[in-house]
Structures are given as C-alpha cells and as structure tokens.
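S.K.: Got a structure here, written out as structure tokens. Questions coming.
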Amino acid sequence: RSRHDSLVVTPFLPFLSFDEGKEKASLREFFDFARNRRAHLVVALIERAASGKTHQTALVITPGGEIAGRYRKSHRAAWDGDLALGDELPVVATPFGKLGLTITSDFYFPEVYEVLRLKGAEVLVWQHFPERLREHDQWPPLLLARAADSHAFLVTAHYADPRTYITANDGYGMRGAAFGRSMVIDRSGTVRADTGCRHGVARLEVDLDERKVDVYSMT
C-alpha cells in the first residue's frame with residue numbers, strides 16, 4: 001500500500017485543547033505531522049465548542065491537512081462528570097476504509113459499536129487515558145469481543161506505565177496505573193499487533209479484504 005493509506009492513532013490527550021473553528025491554528029503540530037508523514041491521523045483531545053460546551057472530541061486529519069471527520073464523545077459513565085455529549089456516531093470514509101471512532105468510556109457501551117458496524121465501519125478506533133480501575137485483566141476480553149462482534153478491525157491507543165497492574169485504592173489516594181497495551185485486533189477478535197503493557201507503537205499492515213479460507217469446503 002502507498003503511504004497515503006497509513007493510519008496513525010494517538011491516545012486521548014486530555015491535557016490539550018482547541019477551540020471549534022480554530023483547529024488548524026491550535027493544532028498546527030498535528031496537521032504538520034499528518035502532512036509530513038502522508039498519513040491519516042486520529043487525535044482525541046478537549047474541544048471548546050462555539051456553544052460554550054466542552055467535549056471530548058476525536059478528529060481525523062488527512063495527509064492534505066484537512067479534517068475528514070469529527071466525533072464528539074456520545075456516552076458518559078458515572079465518573080465522567082458533567083462532560084457535554086455529542087449526539088452522533090459518524091463513520092468517516094478514508095482511502096483505506098471506513099472509520100468508527102470511540103473515546104474513553106464509550107468502550108463500556110456495546111451498542112455504540114453495534115451502531116458503527118451497522119453504518120459500515122471497517123476499522124474501529126478507541127482512544128483512552130488512565131482511569132481508576134479495579135482489575136486491568138477485564139479489559140482485553142472485552143476489547144476482543146468488541147472487534148469480533150463488530151466484525152471490524154479495532155485499533156486501541158492507550159498510555160503505558162511501568163507500574164501497570166497497580167489498581168485504584170481511593171483510601172490511599174491511589175488512582176491506579178495506566179493499562180497500556182495499544183493493540184490492533186482483527187475482525188475475528190485476534191490480537192495482531194500489541195505493545196504489551198509498556199510504551200511503544202503497535203504496527204500492522206492491514207488488508208481489509210482478507211478472509212479466512214475454508215479448507216474443508218463441501219463443494
């Protein structure tokens with residue numbers, strides 16, 4: 001594939017923000033990265049909307065320096081506070097396939113992925129950041145299920161931490177450690193690229209037309 005078909009996904013960046021309508025001015029480094037690497041870049045961060053509301057928003061930036069799609073987090077868990085929510089689940093068309101975007105606690109709502117699947121998403125994206133967890137080992141099976149149920153590739157982007165598996169203890173003020181494990185999971189729910197619970201980049205050359213071969217065909 002040409003480099004135009006490259007997809008780069010960052011973890012959620014809650015410490016960075018931009019104003020609606022001023023994306024290119026606020027996020028110049030990201031637009032430059034996409035242009036210089038000739039890649040589609042999915043970046044999620046805080047958006048200050050023209051309405052005055054604050055959103056968690058994912059942008060799909062093209063190699064030409066344009067915004068191909070925007071997703072405002074649509075579901076909220078109890079610990080998300082008063083975050084404003086979007087009311088759309090868009091599927092973004094790119095040269096290499098249709099993207100479905102999810103952010104942080106969207107992951108806990110399987111219906112989000114079902115809607116994206118029905119809209120034709122071929123590659124799902126989940127961007128996250130450290131949260132208070134009881135058990136990290138609950139996540140991988142659910143991530144595999146999201147990909148298999150949706151019959152789509154799933155790209156997860158998350159921070160790693162050398163203290164992985166330290167879980168939250170509010171009594172001591174411990175927020176827990178980052179889960180890590182940025183992964184690319186295929187449509188059968190198989191992990192095809194994995195950073196493990198450490199920093200790094202999960203890379204995979206994806207063929208969206210690949211199919212399993214039935215070696216015991218009855219015909």
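The values are calculated or read from the model by the stated rules, or taken from the named source; none is laboratory data. Worth saying up front: this structure is predicted, and the values here are computed from it rather than measured. Just the protein is used for accessible areas: all its heavy atoms, side chains included, with ligands, DNA and RNA removed. Shrake-Rupley method; radii C 1.70, N 1.55, O 1.52, S 1.80 Å.
S.K.: Among DSSP beta bridges whose residues both lie in the range 88-160, state the antiparallel percentage, nearest 5.
M.R.: Of those bridges, close to 30 percent are antiparallel.
S.K.: To continue, here is another question. How would 126, 79 line up by accessible area, probe 1.4 Å, largest first?
M.R.: Result, largest first: 79, 126.
S.K.: Along each of the three principal axes of the Cα atoms of the range 1-84, give the extent in whole Å, ordering the values from largest to smallest.
M.R.: Principal-axis extents of the range 1-84 (Cα, largest first): 42, 24, 19 Å.
S.K.: Now a separate question. Using only the Cα atoms of the chain, what do you get for the radius of gyration and for Dmax, in Å?
M.R.: So, for the chain, Rg and Dmax equal 17.6, 64 Å respectively.
S.K.: Continuing with the same structure: In percent, how large is the relative contact order of the range 1-89, given Cα pairs closer than 8 Å and 6 or more residues apart?
M.R.: It comes to 25 percent, rounded to a whole number.
S.K.: Please calculate how many Å² of accessible area the chain carries per residue, with a 1.4 Å probe and no DNA, RNA or ligand atoms counted.
M.R.: Roughly 54 Å² per residue, with all protein chains present.
S.K.: Sticking with this structure for a sec: List, in order, the whole-Hz ³J(HN,Hα) value for each residue of the range 140-146 obtained from phi through the Karplus relation with A = 6.51, B = -1.76, C = 1.60 and θ = phi - 60°; use x for Gly and Pro.
M.R.: Karplus values, whole Hz, x for Gly and Pro: x, x, 5, 5, 4, 5, 4.
S.K.: Could you run the Karplus curve 6.51 cos²θ - 1.76 cosθ + 1.60 with θ = phi - 60° over the range 13-24 and give me ³J(HN,Hα) per residue in whole Hz, x for Gly and Pro?
M.R.: 10, x, 8, 10, 8, 8, 9, 4, x, 10, 4, 5
S.K.: Another question about this same structure. Which entries of 73/98; 22/53; 22/73; 73/119 have Cα-Cα distances beyond 22 Å here?
M.R.: In this structure, not one pair exceeds 22 Å between Cα atoms.
S.K.: I want the antiparallel fraction of DSSP beta bridges within the range 1-143, as a percent rounded to 5.
M.R.: About 55 percent, rounded to the nearest 5.
S.K.: Scan around residue 124 for amide H atoms under 5 Å from its own, H built in the peptide plane at 1.01 Å from N, and keep only partners 5 or more places away or cross-chain.
M.R.: Excluding prolines and chain starts, which carry no amide H, the hits are 100, 153, 154, 155.
S.K.: To continue, here is another question. Nearest 500 deg cm²/dmol is fine: what mean residue ellipticity at 222 nm does the chain get from its DSSP H runs of n ≥ 4 alone, each adding -39,500 (n - 2.57), divided by its residue count?
M.R.: Using -39500 (n - 2.57) per qualifying helix, the result is -4500 deg cm²/dmol.
S.K.: Would you mind telling me the share, in percent, of accessible area of the range 1-132 contributed by carbon and sulfur at probe 1.4 angstrom?
M.R.: 51 percent
S.K.: Same structure again: So if the hydrodynamic radius of the range 63-130 is defined as the Kirkwood radius over C-alpha pairs, what does Stokes-Einstein give as its diffusion coefficient at 20 °C and 1.002 mPa s, in µm² per second?
M.R.: 168 µm²/s
S.K.: Hey, another quick one. Pick from 26, 51, 105: which residue has the top mean-square fluctuation in a GNM of the chain where Cα pairs under 10 Å get a spring?
M.R.: 51
S.K.: Pairs of Cα atoms under 8 Å, at least six residues apart: use those to get the relative contact order of the chain, whole percent.
M.R.: 14 percent
S.K.: Amide H to amide H under 5 Å from residue 13: which residues, 5+ apart in sequence or cross-chain, H placed 1.01 Å off N in plane?
M.R.: Answer set, sorted by chain and number: 44, 45.
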